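The values are calculated or read from the model by the stated rules, or taken from the named source; none is laboratory data. This structure is a prediction, so every number in the text was calculated from the model and none was measured. Every residue, glycine among them, receives a Cβ derived from its backbone with ideal geometry; neighbour counts consider all protein chains shown. SASA here: full protein model, heavy atoms, side chains in, ligands and nucleic acids out. Shrake-Rupley method; radii C 1.70, N 1.55, O 1.52, S 1.80 Å.
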Amino acid sequence: QVSVLYFARSAELAGLRCETLSVPRQITALQLWEEIVKVHPRLAVIRDQVVFAVRQEYVLLGDQLLVLQPGDEVAIIPPISGG
């Protein structure tokens, strides 16, 4: 189980700021995103803009294999606009 943290637009789309999800221990970053989108389909609209952070390190949505430990934090960070 991992803690998923949602920020800005991702929190709006998911309807919450954090939750715990059960995912495979070894999973690619893209597969992890797909697992999260299964739970919150509305997040699919930000797929090409989102930044992922696992254990406070940025991860590209791709084939990079992640080895997750119970309690790891996964942050979903959409682009932040401002002036």
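For the stretch 30-48, how many residues meet the condition of being assigned to a loop (DSSP other than H, G, I, E, B) and open to solvent by 100 Å² or more (accessible area, probe 1.4 Å)? Don't jump to the end; show me each part of the working.
Our first condition is that a residue be assigned to a loop (DSSP other than H, G, I, E, B); within the stretch 30-48, this holds for 40, 47-48.
From what is left, the residues that are open to solvent by 100 Å² or more (accessible area, probe 1.4 Å) are 48.
Adding up the residues that qualify gives 1.
Provide a single number: the residues in the stretch 8-29 that are open to solvent by 90 Å² or more (accessible area, probe 1.4 Å) and closer than 12 Å to ILE76 by Cα. Break it down into steps so the answer makes sense when it comes.
Kept after step one, since they are open to solvent by 90 Å² or more (accessible area, probe 1.4 Å), are these residues of the stretch 8-29: 9, 12, 17, 25-26.
Remaining after also requiring closer than 12 Å to ILE76 by Cα: 9, 12, 17.
Total meeting the criteria: 3.
Among the residues of the stretch 1-36, what is the count of those that are without any contact (Cβ under 8 Å) to a residue 40 or more places away in the chain and among the β-branched types (Val, Ile, Thr)?
Summing the residues that are without any contact (Cβ under 8 Å) to a residue 40 or more places away in the chain and among the β-branched types (Val, Ile, Thr) in the stretch 1-36 gives 2.
Of all residues in the stretch 1-29 being in a strand (DSSP E or B) and among the hydrophobic types (A, V, I, L, M, F, W, C), which is farthest from the chain's Cα centre (by Cα)? Steps first, please.
Of the residues in the stretch 1-29, the ones in a strand (DSSP E or B) are 2-6, 18-21, 26-28.
Filter again for among the hydrophobic types (A, V, I, L, M, F, W, C), leaving 2, 4-5, 18, 21, 27.
On the way: VAL2: 10, VAL4: 6, LEU5: 7, CYS18: 10, LEU21: 11, ILE27: 12 Å.
Filtering the stretch 1-29 for residues that are in a strand (DSSP E or B) and among the hydrophobic types (A, V, I, L, M, F, W, C), the one farthest from the chain's Cα centre (by Cα) comes out as ILE27.
If I go through the stretch 54-83 residue by residue, how many of them are open to solvent by less than 80 Å² (accessible area, probe 1.4 Å) and touching an Asp or Glu at 6+ places or on another chain (Cβ under 8 Å)?
Residues flagged as open to solvent by less than 80 Å² (accessible area, probe 1.4 Å) and touching an Asp or Glu at 6+ places or on another chain (Cβ under 8 Å) within the stretch 54-83 amount to 1.
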